[in-house]
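S.K.: I'd like to ask some things about the structure below.
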Amino acid sequence: MANYCTVDQLKAALRITDNVDDTLLTNAVEAASRFVDGYCFRDFDVAAGTATQDYIPSGLMERLPIADATSVVSVKIDDDLDGSFATTLVAGVDYQLEPVNSEISGLEWPYTSIVPIEDGYWPIEYGRKTVRVEATFGWPSVPPAVEQATLMQASRLFARLDSPLGVAGFGEMGAMRVSFKVDPDVAMMLHPFRRIRF
């Protein structure tokens, strides 16, 4: 999985000019990137090459959530439930990709779901994968807000090494403790990218 900011970006943000802490900084970037994945319930890897993924529909005509995809090559269904995925659906006739408008607020979004139209439907058998999607999975590029949120979270993680017991220092009012909540600016930047999980 990709990281969403670089060690050099983190060093620039922290005004670090030497290489003494490069291993710790690398770990902070990796941990922050995986935090973003978990917080958003998705990853922001840049799309490269095609792959196939199988899905279990929840209803005949229900919207089928898929992994983020910049383009979809084919959608096949296991119509007779024999595991062969022999029926290829036709885009615009049997299904449509959503979001319909891929550019929203100046940002290019990947496709996140497939909806049956006309005579299209999903074969249903409880707990069985019946839809196979071949696509270029991933994002066109890492969104700037995700990059900045990762950089802020990585900075926070690196700074935590100086306060391992949650105490950042002492002031006139006593110990200054580090909050374990998600940074509100990080949460604000990532909020539009969180996928709804059912």
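The values are calculated or read from the model by the stated rules, or taken from the named source; none is laboratory data. Since we're looking at a predicted model, the values are computed, not measured. Quick reminder, even Gly has a Cβ in these numbers, built from the backbone with ideal geometry, and neighbours come from all protein chains shown. Remember, those area values only see protein heavy atoms, side chains included, never the ligands or the DNA or RNA. Shrake-Rupley method; radii C 1.70, N 1.55, O 1.52, S 1.80 Å.
S.K.: Assess whether residue 165 counts as being touching a helix residue (DSSP H, G or I) at 6+ places or on another chain (Cβ under 7 Å), exposed (fewer than 13 other Cβ atoms within 10 Å of the Cβ) and either at pLDDT below 95 or not basic (Lys, Arg) (or both).
M.R.: Against the criterion (touching a helix residue (DSSP H, G or I) at 6+ places or on another chain (Cβ under 7 Å), exposed (fewer than 13 other Cβ atoms within 10 Å of the Cβ) and either at pLDDT below 95 or not basic (Lys, Arg) (or both)), residue 165 does not qualify.
S.K.: Okay, moving on. Under 18 Å from residue 120 (Cβ atoms), assigned to a loop (DSSP other than H, G, I, E, B) and either in contact (Cβ under 8 Å) with a residue 12 or more places away in the chain or not acidic (Asp, Glu) (or both), is that true of residue 59?
M.R.: yes
S.K.: Looking only at segment 9-46, how many residues end up being among the charged types (D, E, K, R) and assigned to a loop (DSSP other than H, G, I, E, B)?
M.R.: So the answer is 6.
S.K.: Residue 67 versus (1) under 25 Å from the mean Cα position of the chain (by Cα); (2) in a loop (DSSP other than H, G, I, E, B); (3) modelled with pLDDT of 90 or more: which is the lone unmet condition?
M.R.: Unmet condition: (2).
S.K.: Let me confirm something: among 36, 29, 73, which residue is over 13 Å from the mean Cα position of the chain (by Cα), over 19 Å from residue 125 (Cβ atoms), open to solvent by less than 20 Å² (accessible area, probe 1.4 Å) and in contact (Cβ under 8 Å) with a residue 60 or more places away in the chain?
M.R.: 29
S.K.: Then there's this: Can you find even one residue in segment 15-32 that is in contact with an Asp or Glu (Cβ under 8 Å, 6 or more places away or on another chain) and closer than 25 Å to residue 141 by Cα?
M.R.: Checked segment 15-32: no residue is in contact with an Asp or Glu (Cβ under 8 Å, 6 or more places away or on another chain) and closer than 25 Å to residue 141 by Cα.
S.K.: Has segment 93-107 got any residue that is closer than 30 Å to residue 12 by Cα, open to solvent by 50 Å² or more (accessible area, probe 1.4 Å) and not hydroxyl-bearing (Ser, Thr, Tyr)?
M.R.: Yes, segment 93-107 has at least one match.
S.K.: Anything in segment 1-26 that is open to solvent by less than 50 Å² (accessible area, probe 1.4 Å) and among the small types (Gly, Ala, Ser)? List them, or say none.
M.R.: 2, 13 - these are the residues of segment 1-26 that are open to solvent by less than 50 Å² (accessible area, probe 1.4 Å) and among the small types (Gly, Ala, Ser).
S.K.: Name the residue that is farthest from the chain's Cα centre (by Cα), counting only residues in segment 47-56 that are assigned to a loop (DSSP other than H, G, I, E, B) and at negative phi.
M.R.: Selected residue: 56.
S.K.: Looking at segment 82-98, is at least one residue under 30 Å from residue 191 (Cβ atoms) and in contact (Cβ under 8 Å) with a residue 40 or more places away in the chain?
M.R.: Within segment 82-98 (the criterion being under 30 Å from residue 191 (Cβ atoms) and in contact (Cβ under 8 Å) with a residue 40 or more places away in the chain), the answer is no, since none of the residues qualifies.
S.K.: Does residue 47 count as open to solvent by less than 50 Å² (accessible area, probe 1.4 Å), in contact with a Phe, Trp or Tyr (Cβ under 6 Å, 6 or more places away or on another chain) and among the hydrophobic types (A, V, I, L, M, F, W, C)?
M.R.: Here the answer is no, as residue 47 does not meet what is asked.
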